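The values are calculated or read from the model by the stated rules, or taken from the named source; none is laboratory data. Please read these numbers as outputs of a predicted model, since none were measured by experiment. Glycine also receives a Cβ, built like all others from the backbone with ideal geometry; neighbour counts cover every protein chain displayed. Quick note on the areas: whole protein, heavy atoms, side chains included, nothing else; ligands and nucleic acids left out. Shrake-Rupley method; radii C 1.70, N 1.55, O 1.52, S 1.80 Å.
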Amino acid sequence: WWIRDTLNKGETYPPYNIGVEYTDNTNTGYFIEVAVAGLKTEDLQVEVRDKAGVNFLYIRGRHREVNDNNVKYSHKGIATRAFNLTFELGKNTEVSNVAINNGILRVDMKVVIAEEEKPKIFEIKKGD
């Protein structure tokens, strides 16, 4: 696993997706998409923190209060509560891009394995 969302304990707000991207049947990265309609970039925070050798991804959002005394609602069904999502990232998983498009916040991640952690393959020579 590279992303674990068990820390959100069944939280369904805001809705989110966790996915894997493939190119030519090869895993090329991971992503989380969060529905953040109505939020601006300054209302959101994406952060990675190391806690005792484990990386956690935090996605936070907060609607800013808009006081418009000239508007009265007959129904107000769009959620405006703050949220805090936490994901545990697997070893060597790094955030590569964060962007918002059409009300969807997307956090792209990739697995970067250091040279010294990659398997070593040895050439087998013919004996005499």
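This model, with +1 at the C-beta of Lys and Arg and -1 at the C-beta of Asp and Glu, gives the chain a dipole about its Cα centre of some 460 debye. Between Asp50 and Ile78, the FRET efficiency estimated from the beta carbon spacing at R0 = 30 angstrom works out to 0.25.
Taken per residue, the accessible surface of the chain reaches 77 Å², heavy atoms only and a 1.4 Å probe. Evaluating 6.51 cos²θ - 1.76 cosθ + 1.60 at θ = phi - 60° for every residue in the stretch 105-114, the Karplus couplings come out as 8, 10, 10, 8, 9, 9, 9, 10, 9, 5 Hz, glycine and proline recorded as x.
Under 5 Å between amide hydrogens, built in the peptide plane, is the criterion, and for His63 it picks out Ala82 among residues at least 5 positions away or on other chains. Per-residue Karplus couplings for the stretch 18-30, computed as 6.51 cos²θ - 1.76 cosθ + 1.60 with θ equal to phi - 60°, are listed in order as 10, x, 10, 9, 10, 10, 6, 6, 10, 5, 10, x, 10 Hz, Gly and Pro entered as x.
Taking chymotrypsin sites (Phe, Trp or Tyr not before Pro) that fall in a DSSP loop and have at most 14 other Cβ atoms within 10 Å as cut points, what is the longest piece of the chain between them? My reading of the result: 2-72 is the longest stretch. Between the stretch 54-105 and the stretch 1-52, how many Å separate their Cα centres? Value for the Cα centre distance between the two parts: 11 Å.
Where the accessible area of the chain is counted over protein heavy atoms with a 1.4 Å probe, how much of it, in %, is carbon and sulfur? C and S atoms contribute 47 percent here. Among Glu42, Glu94, Glu116, which one shows the biggest mean-square fluctuation in a GNM of the chain, springs joining Cα atoms closer than 10 Å? Fluctuation is largest for Glu116. Within the chain, the proportion of Cα pairs with more than 18 Å between them is 63 percent. Return the lysines within reach of Lys76: Cα separation strictly under 26 angstrom, same-chain partners fewer than 8 residues apart disregarded; answer none if there are no such residues. Correct list for Lys76: Lys40.
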